[in-house]
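All remarks here apply to the structure that follows.
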Amino acid sequence: MDIAVQWVRVTWTKRSRGAEAATIRNALPVAFTLPDAASLPVVHDVVMPEREGFAARESLHGRAERGVRLREIEGHLLVRPPDISSLQAMPPRRRRPPAVRLAPGEWLRWQLNHRCSSAAGMADWFYEQNTLNIAYGPHARDVFLGTPTRHVDERGYLR
């Protein structure tokens, strides 16, 4: 079965937390048209860092490299919560949502944000918003530009 995975990540510092910069950051897209080659087993990775003016940089990576945890079971796709690898990530999320089951033809948008510091606390905080888009079954290249079948929003308040 076809599986399309797109991971959109926006990173910023406190320079983009208020006023005009935050307005620009908040207007960034959470989905893009898939490249021709974006199908199993790759992830269409889109990064929009503040230091590059939030310009979208696209690449393709293996699913294992990006921590995308998918498993086909009895004609459905089981999507487990995305890993939060940083021990310094705030706010803490002790209870994560359960895995999501997608039927063929459905797609999921899973959003998660956090604030991080360096391991030693010597660098400034930085912030990150992740949007994971996953389609199960045949799909068009613009599948993620519409309304998702399922949506998990784990975004929290970031100070």
> Of all residues in region 6-56 being under 21 Å from Trp110 (Cβ atoms) and of a type in the set (D, E, K, R), which is nearest to the chain's Cα centre (by Cα)?
Replying inline: Arg9
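Just to be sure before I move on: is Thr131 under 27 Å from Trp12 (Cβ atoms), modelled with pLDDT of 75 or more, surrounded by 15 or more Cβ atoms within 10 Å (Cβ to Cβ) and under 16 Å from the mean Cα position of the chain (by Cα) in the structure I sent? Can you show your working first?
On the way: under 27 Å from Trp12 (Cβ atoms): yes; modelled with pLDDT of 75 or more: yes; surrounded by 15 or more Cβ atoms within 10 Å (Cβ to Cβ): yes; under 16 Å from the mean Cα position of the chain (by Cα): yes.
So Thr131 passes the test.
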> Considering Ala140, Ala119, which residue is surrounded by fewer than 16 Cβ atoms within 10 Å (Cβ to Cβ), among the hydrophobic types (A, V, I, L, M, F, W, C), at pLDDT 75 or above and not in a strand (DSSP E or B)?
Replying inline: Ala140
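The values are calculated or read from the model by the stated rules, or taken from the named source; none is laboratory data. Keep in mind the model is a prediction, meaning the values are calculated, not measured. Every residue, glycine among them, receives a Cβ derived from its backbone with ideal geometry; neighbour counts consider all protein chains shown.
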